[in-house]
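Student: Below is the structure I would like to discuss, written out as structure tokens.
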Amino acid sequence: MEGGIIFVLRISQCLVCGMFRLPVPAGGRRLCYLYRVESLDRALEQFWSSAERSRAREFLLLESKIQEAKSKKDTLRARAQSAKTSAKVTEMLGNVNTSSGLAAFEKMEEKVLAMESQAEALNQLSADDLEGKFALLKSSSVDDDLADLRKELSGASKVGGDFEYGGKLF
């Protein structure tokens, strides 16, 4: 394009100085074409710069719309999760009945009372059994058993040295 500008400058110098070598119609047409080319070049440059600016604006607009869509999606997800949680809580509270909770405590209390009664009965049985053993021990004293054994031994030694105790012969 610089060549066209230089050509136009030369033609304009020639016209001013009167040193025009080309025939006037050809030079004039060439000059018109050169002006037209230059104006089209300027228009093309303006179009491209305008297109780039427009494209940049549209790109920024698109980015902002994408960001807005992402935030809206996150908001909708959070609202959906909140709704689900609220529904579950409502359902759980609807299923909970205060009378059923008190009934559960009453059942637990009955079980505890039954377990305590069972433990007390076992203690009484084992205590009765131990008391009976102690009573048996008190009724038959060791001293009496020892005296009986001495009598048997003294009687056996008089007879001949062999004695019987508990079904065994000694």
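Student: Cβ-Cβ below 6 Å, separation at least six or inter-chain, first residue in the range 99-125 and of a type in the set (A, V, I, L, M, F, W, C), second modelled with pLDDT of 80 or more and surrounded by 10 or more Cβ atoms within 10 Å (Cβ to Cβ): which pairs?
Tutor: Pairs found: none.
Student: Could you figure out which of (1) in contact with a helix residue (DSSP H, G or I) (Cβ under 6 Å, 6 or more places away or on another chain); (2) at pLDDT 85 or above isn't true of GLY4?
Tutor: Every listed condition holds for GLY4 apart from (2).
Student: Whether any residue in the range 38-54 is at pLDDT below 70, of a type in the set (A, V, I, L, M, F, W, C) and within 51 Å of the chain's Cα centre (by Cα) is what I want to check.
Tutor: no
The values are calculated or read from the model by the stated rules, or taken from the named source; none is laboratory data. In this text the structure is predicted, and so the values were computed from the model without any measurement. Using ideal geometry, Cβ is built from the backbone for each residue, glycine included, and neighbour counts are taken over all protein chains shown.
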